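Student: My structure is below; once you've seen it, I'll send some questions.
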Amino acid sequence: MKSDQQDKIIDLSNASIGYLGKSKAHKIIKSAISVYALKGELVAVIGENGIGKSTLLRTIAGFQPYVEGDFRICGKLISTYREKELALLMSFVSTEIIKVSNLSVFDLVSLGRYPYTNWFGKLLDEDHYLIEEAISAVGLQGYEYRMVNHLSDGERQKVMIARSLAQNTEIIVLDEPTAFLDLSNKYEIVHILHQLASEKEKTILFSTHDLTTAIAESDRLWLMLEDSVEQGAPEDLILNGNFDAIFHSKHLYFDREKGDFRIRKLTKKVAHVHGEGIAMDWTIKALSRNGFEVVNLTDPADITIIVNYQEWTVIHLTKQIKFNSLLSLCRYLNSLER
Amino acid sequence: MADNVLSITNQNTRGYRVILVFAFLVPLFFLLDLLVGSYYIPISEILKAIFRSDSANHQVVLIINQFRIPKAVTAILSGAALSVAGLQMQTVFRNPLAGPYILGVSSGASLGVALLVLGTGGLLGGSLISVAGSWGIVAAAWLGSGLILLLIVIISARIKDIMTILILGILISSAISSVVNILQYFSNESMLKSFVVWTMGSLGSVTNVQLAVLFPSVLTGILMAFLSSKFLDAFLLGENYARSMGMNIVFARMVVFLSTAILAGSITAFCGPIGFIGIAVPHIARMTLRTAKHSLLVPGTILIGALMMLVSDILSQLPGSEATLPVNSVTALLGIPIVIWIIIRNKNTARL
């Protein structure tokens, strides 16, 4: 605890972000932000669309000034840094997918050496070494001379992360790095970020909408809510109920056991389910999607379903019907309602 | 490690090889350009006139030194200048259709020339043009494009978003063009014709004395382009990335805009607006060199641009005929098929 003060790589206290206007007519997007990130932490910034995640990240990256408060990077007020100094401390990855033709992976990653190279951008041996190291760190060895516009979106995002690694900065800020990626690439990218934070002691800050990966991999979350910004380990924020406040929708609720949001269904009917194992679990899911709540066998129910491997038997009133898939079962249940 | 360095060299060898080929082709086509003209001179006479002028036919020496060499040199300069300017604009605006005139430099020059030719010509009669001579046109064009440059510098220092600057540039160009149109509407026929001829572009009107001004101007612009190749590489990723890498955006923009304005402004001043080379050549350079690095693309576009202009000039002579075509039409007719071919061959040209 004693070294916390020095280890606060990013430190915001009572800060306001937004746009500076003329003569104090500032447009404040979010105020009273007091959060920090320690060295070697992977921090996920989570919040609804339009709550100010991008503005916060852009302000931390130095693209726009902060409005009020105390906004420190490595102990120094961010406004006192010059562009060059900031570039040695912090690198940035945007959500935009870069599509430049005839640009090789190596050449793109080598742009990370920009703050270090001479006027003409000449790469020295050390630069070559760091570029190769960055490319390997994201698992793209052998891709050096591929053209970036021939890569998949996931690979391209890895190249952009490699570029920020080549910049060799203590902090990496990523604005929704997984926004355009498929599920497996989302997991992979966040996992790479986690490894970089823990192994290379980098402080990595990223915004995301993907709660499952954020909860699974981040050390700390910054939860941007309507009236406040909360921080803590993902599990802390789940336990103290902060997650429920992320989305202002009566159709969504946070499932604390599963660690993800669910769509609230108006359950109309109750069912008994007999069976065991994974087939039983998925049957319950299918039933809840179709508006059936599964209740204890002691409570009364409209319907009884017996799960037996790949076969489902429905007992409804006096009828007894067998189904060989959940799809046909669900179709039958829906037909009952009408 | 040694392996990597080796493969890096391999990657860039293609670029260097292509540059070498063009570096060989440019002098070849320079000589070819000296060969063609309304008066036939055999190559042996031309070489004699260049290297041993005292033993050569006096008239041939005169034609070569006073007409053909200045014209061929102007072709090289204008091709190189417009292509590099186009490359810079395409990269900074991240727009494959940007060209040297996107900032309104040529419309500024047209306004200057239009005011001189149409305005004063209308007031004081045609004699003024001959008095003011070609230097007057050059000065007017330079003044016009310089004014536009000043406007762009002021705008780009105040406005953050590069797209806004692009849109403002296009709007300013259009506004100026309409002023030029009004001037044209109210001017008499002979004035109008001399203005229209100016807008068609010409490489042949540049004298040796004028070359002494044009040459250092183009050299300055090209030198600035070489110096900004690192900026241009960073601009490829967009201004946010560039800033996050420690680049001073406003300064980098100024250097690039200044270089573009000097290059496009000087060429427009001396040769009139020459279209299409500046848009087509950077694409040809990217395709043939297969790189996005400006340390290679800048020399590449200089050579390819020079070559394209020499070819355009040769074609505009209409070999075997005494007539010459306006160079502006030739560059368009030559450039457009090349760009169409590139676009069809490579679906990715929509991006840089």
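Student: Which members of the range B:56-100 meet the condition of being polar (S, T, N, Q) and under 17 Å from residue B:149 (Cα atoms)?
Tutor: Within the range B:56-100, just B:88 meets the criteria.
Student: Please find, among B:286, B:290, B:253, B:243, the residue that is more than 10 Å from chain A (Cβ to nearest Cβ) and either under 30 Å from residue A:173 (Cα atoms) or of a type in the set (Lys, Arg) (or both).
Tutor: Sole residue among the options that is more than 10 Å from chain A (Cβ to nearest Cβ) and either under 30 Å from residue A:173 (Cα atoms) or of a type in the set (Lys, Arg) (or both): B:253.
Student: Taking the conditions exactly as written (in contact with a strand residue (DSSP E or B) (Cβ under 7 Å, 6 or more places away or on another chain) and not charged (D, E, K, R)), does residue A:117 satisfy them or not?
Tutor: no
Student: Taking residue A:34 as the residue in question, decide whether it is within 23 Å of residue A:194 (Cα to Cα), touching a residue at least 60 places away in the same chain (Cβ under 8 Å) and assigned by TED's automatic domain parsing to the domain that holds residue A:226.
Tutor: no
Every residue, every condition in (1) more than 9 Å from chain B (Cβ to nearest Cβ); (2) among the hydroxyl-bearing types (Ser, Thr, Tyr); (3) surrounded by fewer than 17 Cβ atoms within 10 Å (Cβ to Cβ); (4) touching a His at 6+ places or on another chain (Cβ under 8 Å), yes or no:
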position	(1), (2), (3), (4)
A:98	no, no, no, no
A:121	no, no, no, no
A:126	yes, no, yes, no
A:129	no, yes, yes, no
A:139	yes, no, yes, no
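Student: Every residue in the range B:24-44 that is crowded, with 16+ Cβ neighbours inside 10 Å and within 18 Å of residue B:299 (Cα to Cα), please.
Tutor: Of everything in the range B:24-44, those that are crowded, with 16+ Cβ neighbours inside 10 Å and within 18 Å of residue B:299 (Cα to Cα) turn out to be B:25, B:26, B:29, B:30.
Matching residues to (1) under 12 Å from the mean Cα position of the chain (by Cα); (2) assigned to a loop (DSSP other than H, G, I, E, B); (3) crowded, with 24+ Cβ neighbours inside 10 Å; (4) within 14 Å of chain A (Cβ to nearest Cβ):
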| residue | (1), (2), (3), (4) |
| --- | --- |
| B:268 | yes, no, yes, no |
| B:275 | yes, yes, no, no |
| B:302 | yes, no, yes, no |
| B:313 | no, no, yes, no |
| B:318 | no, yes, no, no |
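Student: Taking the range B:320-341, which residues are surrounded by 17 or more Cβ atoms within 10 Å (Cβ to Cβ) and at pLDDT below 80?
Tutor: Hit for the range B:320-341 is B:339, nothing else.
Student: Does the range B:318-332 include one or more residues that are at positive phi and free of Cβ contacts under 8 Å to residues at least 12 places away in the same chain?
Tutor: yes
Student: Another question, then. Return yes when residue A:278 is of a type in the set (A, V, I, L, M) and either touching a residue at least 40 places away in the same chain (Cβ under 8 Å) or closer than 30 Å to residue A:243 by Cα (or both) and no when it is not.
Tutor: For residue A:278, the condition - of a type in the set (A, V, I, L, M) and either touching a residue at least 40 places away in the same chain (Cβ under 8 Å) or closer than 30 Å to residue A:243 by Cα (or both) - is met.
Student: Out of all the residues in the range B:230-240, which are in a helix (DSSP H, G or I), surrounded by 19 or more Cβ atoms within 10 Å (Cβ to Cβ) and either at the interface with chain A (Cβ under 7 Å from one of its Cβ atoms) or not aromatic (Phe, Trp, Tyr) (or both)?
Tutor: Residues satisfying the conditions are B:230, B:232, B:233, B:234, B:239.
Student: So which residues in the range B:249-307 are among the β-branched types (Val, Ile, Thr) and closer than 30 Å to residue B:135 by Cβ?
Tutor: B:255, B:256, B:260, B:262, B:267, B:268, B:274, B:277, B:279, B:281, B:301, B:302
Student: I would also like to ask the following. What number of residues within the range A:100-119 satisfy the criterion of being facing chain B (nearest Cβ under 7 Å), in contact (Cβ under 8 Å) with a residue 40 or more places away in the chain and closer than 15 Å to residue A:166 by Cβ?
Tutor: 5
Student: Does residue B:297 meet the test of being under 18 Å from the mean Cα position of the chain (by Cα), at pLDDT 95 or above and among the aliphatic types (A, V, I, L, M)?
Tutor: So residue B:297 fits the description; yes.
Every residue, every condition in (1) in a helix (DSSP H, G or I); (2) more than 22 Å from residue B:295 (Cβ to Cβ); (3) within 19 Å of the chain's Cα centre (by Cα); (4) not assigned by TED's automatic domain parsing to the domain that holds residue A:51, yes or no:
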| site | (1), (2), (3), (4) |
| --- | --- |
| A:118 | no, no, no, no |
| A:121 | no, no, no, no |
| A:131 | yes, no, no, no |
| A:140 | no, yes, no, no |
| A:177 | no, yes, yes, no |
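Student: Evaluate the following for residue B:47: is it away from every other protein chain (no Cβ under 14 Å), surrounded by fewer than 19 Cβ atoms within 10 Å (Cβ to Cβ), in contact with a helix residue (DSSP H, G or I) (Cβ under 9 Å, 6 or more places away or on another chain) and under 25 Å from residue B:328 (Cβ atoms)?
Tutor: no
Student: Can you confirm whether residue B:219 is surrounded by fewer than 24 Cβ atoms within 10 Å (Cβ to Cβ) and out of contact with any Leu (no Cβ under 8 Å at 6 or more places or on another chain)?
Tutor: So residue B:219 fits the description; yes.
Student: Out of the residues in the range A:53-95 that are small (Gly, Ala, Ser) and touching a Pro at 6+ places or on another chain (Cβ under 7 Å), which is nearest to the other protein chains (Cβ to nearest Cβ)?
Tutor: A:87
The values are calculated or read from the model by the stated rules, or taken from the named source; none is laboratory data. On a predicted model such as this, the values are computed, not experimentally measured, just so you know. Methodologically, a virtual Cβ is constructed for each residue, glycine included, from the backbone with ideal geometry; neighbour enumeration extends over all protein chains shown.
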